[in-house]
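Encoded as structure tokens, the structure appears first; notes follow it.
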Amino acid sequence: MIRAERIEKYYAQPSQNRIQVISPTDLSIIPGEILALLGPSGSGKSTMLRMLSGLSRPSAGQVFWHEKPIGDAEINVSIVFQSFALFPWLTVLENVEAPLKARGVDPETRRERSLNMLTTVGLEGFQAAYPKELSGGMRQRVGFARALVVEPEVLFMDEPFSALDVLTAENLRSELLELWSNKTMPTRAVFIVTHNIEEAVLLADRIIVLGRNPGHIRTDFKVQLQHPRDRKSEPFTNLVDYIYKVLTRPEIAAAAPDQTTGKPVRDQRQMHYQMLPHARPGGVAGLLELLIDKGGRDDIYRLADDLAFEIDDLLPIVDAAQILGFLKIEEGDASITPKGSDFGNSEILRQKEIFREAALENVLLLRQIRRAIETKSDNTVPEEFFLDMLDEQFSAEESQRQVETAVNWGRYAELFDFDAARRRFTLPEAEQEEAEAADAEDAE
């Protein structure tokens, strides 16, 4: 129905460089399936949705609607937004009628279709109410009714449940699945953007996970579990665990799990450089202290709720602790390692020592910077040297961010200093003084 061929999105800069949001990507939406798109913040999920739905043009490549260029075709799609996006001055019925009115449907027909759709989504009797008089769940039902009343071939949803409380979101998911399974929805395919892993596994027939910097498809697989799906079953938890690893471990090229046996298949091939999450050492220390207070283990989503964090804000800290060997992730639970427990329970000076050892052992970029400094006769190395190497794997913008994170971690661990004026890595001041003193003795 919709086919994207080598589409990409980038923004030109005055310096003749460009910010690449999505790298060349092929993607298709086929009839009869719910397709879920997952990815970390900044991976281009909403940008991808806007290009596939025709709201935004790709910078390169082409989107086809039934094999016709989308710009030349009469497309029939609808979007349910994260925010309710209702007209506050219109009644529920008038909100649902709005797209039919825009299409020139006569008043009697659009009223009949809108009332029928309100009944379908469970809002019969609320047609005269205004959005401010409704709960969040009911307002989102109005959004569903408005999207479905035009009988779209493809229904796009951009994190439609994220603004709702847990119970309301769960109820709406169940109702969406019931409408889809009973073929009550006048649509042939659903494309849902979400950051909730369990939501994707509960709803989707197919899941795509994006990586970022720039956005690209890391995995695309079919979900073979029968509905209704049991959250506690081994195949379900294996899928959740697998997707979590794909999201948080960009250096791992993991194969999709075997859903027939319930056993995940792992491929531990490693990229040249792992992507350093942009988290501060102090954030890692704080996370480990919280986990120690909770007995050394907790569900990541529950932990985010306890801290009033968005999950996307917590994941970089979790990822940093995992890269350093302070945490292990199993089925969405974070459990502290002995090394992480030692780090979380230690005084500041000892924490720096532990962080230093972990960074040298687990982070290739930090290890290379330190060795390069030690090798040079003047104990300094230009930043550009490492940017050139990182550019082979990351965008120019992300390469710079990787170096900034490396500087943050390296300074904390006292592995090196960074001269911002000269853009050069140097030995820490104490070690530099020792080296100069040794040189002076040799000269004497």
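The values are calculated or read from the model by the stated rules, or taken from the named source; none is laboratory data. Keep in mind that what you see is a predicted model, and the values were worked out from it rather than measured. Using ideal geometry, Cβ is built from the backbone for each residue, glycine included, and neighbour counts are taken over all protein chains shown.
Residues that are within 11 Å of Ile323 (Cα to Cα) and touching a helix residue (DSSP H, G or I) at 6+ places or on another chain (Cβ under 7 Å) within region 352-362 comprise Ala358, Ala359, Asn362, listed in sequence order.
Annotation: of all residues in region 166-208 being farther than 22 Å from Phe84 by Cα and of a type in the set (D, E, K, R), the one that is surrounded by the fewest Cβ atoms within 10 Å (Cβ to Cβ) is Lys183.
Considering (1) surrounded by 15 or more Cβ atoms within 10 Å (Cβ to Cβ); (2) touching a strand residue (DSSP E or B) at 6+ places or on another chain (Cβ under 6 Å); (3) at negative phi, the lone condition that Ala60 does not fulfil carries the number (1). Do we have any residue at all in region 149-164 that's of a type outside the set (Phe, Trp, Tyr) and assigned to a helix (DSSP H, G or I)? Within region 149-164, none of the residues are of a type outside the set (Phe, Trp, Tyr) and assigned to a helix (DSSP H, G or I).
For region 401-423, give me the residue count where each residue is of a type outside the set (Gly, Ala, Ser) and surrounded by fewer than 15 Cβ atoms within 10 Å (Cβ to Cβ). So that I can check it myself, show each step before the final result.
In the first step, residues of region 401-423 are kept if they are of a type outside the set (Gly, Ala, Ser); the result is 401-405, 407-409, 411-412, 414-419, 422-423.
Adding the requirement that they be surrounded by fewer than 15 Cβ atoms within 10 Å (Cβ to Cβ) leaves 404, 411, 419, 422-423.
Final tally of qualifying residues: 5.
Go over the candidates Glu361, Glu397 one by one and state the one that is under 29 Å from the mean Cα position of the chain (by Cα) and over 22 Å from Leu349 (Cβ atoms). Checking each option against the conditions leaves just Glu397.
In region 360-372, the residues that are part of a helix (DSSP H, G or I) form Cβ pairs under 6 Å with partners that are surrounded by fewer than 20 Cβ atoms within 10 Å (Cβ to Cβ) and among the hydrophobic types (A, V, I, L, M, F, W, C), at six or more places apart or across chains, as follows: Arg367/Leu360.
Would you confirm whether or not region 109-126 contains a residue that is more than 27 Å from the chain's Cα centre (by Cα), among the aromatic types (Phe, Trp, Tyr) and not in a helix (DSSP H, G or I)? Can you show your working first?
Taking region 109-126 first, the residues more than 27 Å from the chain's Cα centre (by Cα) are 109-126.
From the residues that got through so far, the ones that are among the aromatic types (Phe, Trp, Tyr) too are 126.
Going one step further and asking which of them are not in a helix (DSSP H, G or I), we end up with 126.
Yes: one or more hits.
Among the residues of region 304-324, how many are part of a loop (DSSP other than H, G, I, E, B) and modelled with pLDDT under 90? Summing the residues that are part of a loop (DSSP other than H, G, I, E, B) and modelled with pLDDT under 90 in region 304-324 gives 3.
Please work out if Asp299 is surrounded by fewer than 18 Cβ atoms within 10 Å (Cβ to Cβ), at pLDDT below 80 and on the phi < 0 side of the Ramachandran plot. No: the conditions fail for Asp299. Restricting attention to region 340-352, does a residue exist that is surrounded by 20 or more Cβ atoms within 10 Å (Cβ to Cβ) and under 23 Å from the mean Cα position of the chain (by Cα)? The answer is no; no qualifying residue exists.
For every residue, the table says whether it meets (1) small (Gly, Ala, Ser); (2) touching a strand residue (DSSP E or B) at 6+ places or on another chain (Cβ under 6 Å); (3) buried (at least 21 other Cβ atoms within 10 Å of the Cβ); (4) assigned to a loop (DSSP other than H, G, I, E, B).
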site	(1), (2), (3), (4)
Ile7	no, yes, yes, no
Ile22	no, yes, yes, no
Ser56	yes, no, no, yes
Phe87	no, no, no, yes
Gly104	yes, no, no, yes
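Residues in region 341-359 that are outside any helix (DSSP H, G or I) and in contact (Cβ under 8 Å) with a residue 60 or more places away in the chain: how many?
Going through region 341-359 one residue at a time, the tally reaches 0.
Please indicate, with yes or no, whether at least one residue in region 110-123 is in contact with a strand residue (DSSP E or B) (Cβ under 9 Å, 6 or more places away or on another chain), buried (at least 17 other Cβ atoms within 10 Å of the Cβ) and in contact (Cβ under 8 Å) with a residue 40 or more places away in the chain.
Looking only at region 110-123, we keep the residues that are in contact with a strand residue (DSSP E or B) (Cβ under 9 Å, 6 or more places away or on another chain), and these are none.
Taking every residue of region 110-123 in turn, none turns out to be in contact with a strand residue (DSSP E or B) (Cβ under 9 Å, 6 or more places away or on another chain), buried (at least 17 other Cβ atoms within 10 Å of the Cβ) and in contact (Cβ under 8 Å) with a residue 40 or more places away in the chain.
Output the number of residues of region 360-375 satisfying the condition of being among the charged types (D, E, K, R) and surrounded by 14 or more Cβ atoms within 10 Å (Cβ to Cβ). If you could, list the steps in order and put the result at the bottom.
Of all residues in region 360-375, those among the charged types (D, E, K, R) come to 361, 367, 370-371, 374.
Cutting the leftovers down to surrounded by 14 or more Cβ atoms within 10 Å (Cβ to Cβ) gives us 367, 370.
Final tally of qualifying residues: 2.
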